[in-house]
Amino acid sequence: SSGINAEWPLRPGPLTIIDQADQIPGLISKLEQAREIAVDLEAHSYRSYLGFTCLMQLSTRTEDFIVDTLTLRTDLLPLNKVFTDPTILKVLHGGINDIMWLQRDLGLYIVNMFDTYHASKQLGLPRCSLSYLLHRYCDVTADKQYQLADWRIRPLPDVMIKYAREDTHYLLYVYDCLRYELLNQGEHTLVSVYRNSNLDCQQTFRKPVFTDDSYMDVYKKIRIPLKPQQKECLKLIYKWRDQTARSEDESTAFVLPNHMMLKIAELLPGDQEGILGCCNPPPPLVRLHVQELHLIVEKARHYNPLLDPANTSVNEEEYTPGFMDTTHQTSVESIFSPKQTPARRMKERKEIFYVPKSGPDLKIKDKSAIEEDCASVASETGTISESVSSLQFFDTASIKSDISSAVKSVTDSMSAPFRMFMNKIAQLRDEEKKKEEEVPVQVPIQENNRSESVEDKIDDDSSVIIFKAPSKRPQSEENNELKATTKRRKKTVGEIKPFSYEEITMSTLAAQEEVKPREEGDMLNKGEEGRSTSIRQRTSIKSGNKSNFQKFLKNKFKR
């Protein structure tokens, strides 16, 4: 009553391995007797450019089959008798890839298909994967660690055979459950699933063709816009990756994954180590061709979008060539001013003057001379070059002045750093000379040798500090102002004799005052007890508590 087959194939049934060509007729006869068959494929695409089918799983209501498509690659065309029969329903999950692989490797086509992926999507289930459907309807937990396994190995391990068998063994029961739920929602839902499944069957396999815009498939997936140089780098690396993958028969993911390719295009590394640093870990073919990749990145770094005839989407206001920019390389102006962006250069200079590449002995003809040359060419050959008609004639003097100003701007830009360096050195030298000249030389003033003229200029409360003039150099007015006399608060009288600790000794103090040793505590008379007597006691006098030496030190430190 529920509409689901009561003989649910959860119990283990017979399994047949098809790896001989003589087994194919018996397989076809068994499949023709079934009303529904479950189909699934296991392919390998990581170490091959196009990929290839390694295994085919087929299941009926009573038996399971595993076909070795690597061994029987050219012997499976007779299966089209079953696959194209509209009376036999083929049940697949996510069958769009399987349909392409069958056409590409085995030449098989499918008619009348039911895709459980479209059915689960139509029902609005939380997940549409096969592992979720097996857990929901069959209470089976599929081990998906072998989904990306290497199915090229032979013989296949038992765990991989078990995984491959479960993909189709329970698929017919899942089909019954989904069909019953679709009918409960309405017949139109089941019709919609059949329609979408048959649209997938109508797809045909086509080999990938490389075009100049093929990189846009990767560029559209990123959200960060790229600059023209970065975009050109992505385009060139994408082309190199496709050519390398085709020649080596490797997948593009094995040659260079998308995220590594985008990182190289975004950073534009300037050396080979930088390219390898963008790839963690670096793929083997990237290590092998790192020098070629470095040249590609360098070419992209010097890309000028305005000089690319294929690029028609560049705004001239955003990128403007520099002075004398006659090649695809970096302009002369941008070389001498790397921080000056093209947009800023466009705002500062609205007119760009271009001159031909020539030496200093450039002879410029005036208008009359050029007209005579054109007339002579027309009379001799009867044809005039189209480029002559587009010439703009200028005055000779104005052209020469423009050229001289242009050359001067280039030479100024070249010599500006050196001139700044020389000016800085000269400035430092002038500062050192001023410091040497400003060092005062204090000359002691003697009362007997001072002249009357000097005595008249000196005030009562000031003294003169004379600066020694540099030898053999004329003094300017500014230097004379700097070497003016300064005043002190206290007048210096006579010659100042510096303080010397050597003159103030115990002998001098003893000479000034007769110091008599005490009768008691004398160091000479009392022996060991006298040695502990301090020097202060030996120099003390009877009239006071402090010696003259102590009084002198006290007055000195007070000053």
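Annotations
- Failed criterion for residue 176 (all others in (1) buried (at least 19 other Cβ atoms within 10 Å of the Cβ); (2) within 14 Å of residue 117 (Cα to Cα) hold): (1)
- Qualifying residue in the range 22-36 (condition: closer than 26 Å to residue 148 by Cβ, free of Cβ contacts under 8 Å to residues at least 60 places away in the same chain and crowded, with 16+ Cβ neighbours inside 10 Å): no
A quick yes/no check of all residues on (1) in contact with a helix residue (DSSP H, G or I) (Cβ under 9 Å, 6 or more places away or on another chain); (2) at pLDDT 95 or above; (3) closer than 20 Å to residue 180 by Cα; (4) open to solvent by less than 40 Å² (accessible area, probe 1.4 Å):
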| site | (1), (2), (3), (4) |
| --- | --- |
| 91 | yes, yes, yes, yes |
| 99 | yes, yes, no, yes |
| 116 | yes, yes, yes, yes |
| 119 | yes, yes, yes, yes |
| 127 | yes, no, yes, no |
| 130 | yes, no, yes, yes |
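- Scope the range 46-89; condition more than 22 Å from residue 30 (Cα to Cα), among the small types (Gly, Ala, Ser) and buried (at least 17 other Cβ atoms within 10 Å of the Cβ); matching residues: 51
- Under the condition of being among the hydrophobic types (A, V, I, L, M, F, W, C), in a loop (DSSP other than H, G, I, E, B) and either free of Cβ contacts under 8 Å to residues at least 12 places away in the same chain or in contact with a Leu (Cβ under 8 Å, 6 or more places away or on another chain) (or both), the residues counted in the range 199-222 number 2.
- Against the test of being in contact with a Pro (Cβ under 7 Å, 6 or more places away or on another chain) and not aliphatic (A, V, I, L, M), the options 225, 284, 305 yield a single qualifying residue, 305.
- Scanning the range 261-277 for residues that are open to solvent by 10 Å² or more (accessible area, probe 1.4 Å) and either of a type in the set (A, V, I, L, M, F, W, C) or more than 14 Å from residue 230 (Cα to Cα) (or both) yields a count of 9.
- Note on the range 137-163: residues that are outside any loop (DSSP other than H, G, I, E, B) and either within 39 Å of the chain's Cα centre (by Cα) or in contact (Cβ under 8 Å) with a residue 40 or more places away in the chain (or both) total 6.
- Residue in the range 203-221 that is among the aliphatic types (A, V, I, L, M) and within 30 Å of residue 138 (Cβ to Cβ) present: no
The values are calculated or read from the model by the stated rules, or taken from the named source; none is laboratory data. Source: prediction; values computed, not measured. In this analysis, Cβ positions are derived from the backbone assuming ideal geometry, glycine residues included, and neighbour counts consider all displayed protein chains. Please note that ligands, DNA and RNA were not included when accessible areas were found on the heavy atoms of the full protein model with its side chains. Shrake-Rupley method; radii C 1.70, N 1.55, O 1.52, S 1.80 Å.
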